[in-house]
Amino acid sequence: MIAKAQSSLEYLLIVALVLGLIIPITYLFFRYGSQSNEQIIDSQINQIGNTVVDTAEIVYYSGEGAKIILELKIPESIDSVDILGDRELVFTRSSEIGENQMVFFSSVDIPIKSDAASLLYLANSGLKRIRIQAVDPGTGLEVRIEKT
């Protein structure tokens, strides 16, 4: 009877040891995967923001009537896209650590405008087409971002 109890106890200790190793390793694996996903999304937003601002500069310097249509793959978890002070393109997103804002602005001071519907369109995930064009509404040349 004692031999059976001892072998059962040894079996339970081995199972406990294996679970004691598997659970933390699994947690670390999923935690690393989650952090990696956050970095990928940040990198995608960074690429999108830089592309939009660089294209806005090209269109602005090309003059009135110039336009470029971009196809952008917008990642999930973007809460909003805003233009502050007609100069800064701001992406706001939620992540595990809280709300995160990524701000993109032109190295040259160009006015950027957009309507709320186009910015809301740009904030939704998926493949999006936007038109960036230079217009002169009578107050000077500006760049408009619009959905197509």
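Values quoted throughout were computed directly from the atomic coordinates according to the rules given, and no laboratory measurement underlies them. Just so you know, these numbers come straight off a predicted model, no measurement behind them. For neighbour counting, all protein chains shown are included, and Cβ atoms are generated from backbone atoms with ideal geometry for every residue, glycine included.
When each of 90, 59 is tested for being closer than 30 Å to residue 140 by Cβ, β-branched (Val, Ile, Thr), touching a strand residue (DSSP E or B) at 6+ places or on another chain (Cβ under 6 Å) and part of a helix (DSSP H, G or I), the lone residue that passes is 59. Checking the stated criteria, residue 64 turns out not to satisfy the condition of being surrounded by 14 or more Cβ atoms within 10 Å (Cβ to Cβ) and either more than 23 Å from residue 147 (Cβ to Cβ) or over 24 Å from the mean Cα position of the chain (by Cα) (or both).
So that you can scan it fast, the table gives a plain yes or no per residue for (1) surrounded by fewer than 16 Cβ atoms within 10 Å (Cβ to Cβ); (2) touching a helix residue (DSSP H, G or I) at 6+ places or on another chain (Cβ under 8 Å); (3) more than 30 Å from residue 36 (Cα to Cα):
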{"position": "53", "(1), (2), (3)": "no, no, no"}
{"position": "73", "(1), (2), (3)": "yes, yes, no"}
{"position": "78", "(1), (2), (3)": "no, yes, no"}
{"position": "90", "(1), (2), (3)": "no, no, no"}
{"position": "115", "(1), (2), (3)": "yes, no, yes"}
{"position": "122", "(1), (2), (3)": "no, no, no"}
{"position": "126", "(1), (2), (3)": "yes, no, no"}
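Hey, does region 85-93 have a residue that's under 14 Å from the mean Cα position of the chain (by Cα) and without any contact (Cβ under 8 Å) to a residue 24 or more places away in the chain?
Yes, some residue in region 85-93 is under 14 Å from the mean Cα position of the chain (by Cα) and without any contact (Cβ under 8 Å) to a residue 24 or more places away in the chain.
Exactly one residue among 99, 146 is in contact with a helix residue (DSSP H, G or I) (Cβ under 6 Å, 6 or more places away or on another chain) and either surrounded by fewer than 18 Cβ atoms within 10 Å (Cβ to Cβ) or closer than 21 Å to residue 58 by Cα (or both), and that residue is 146.
Looking at 107, 95, 77, 118, just one residue is at positive phi and of a type outside the set (Phe, Trp, Tyr), and that residue is 77.
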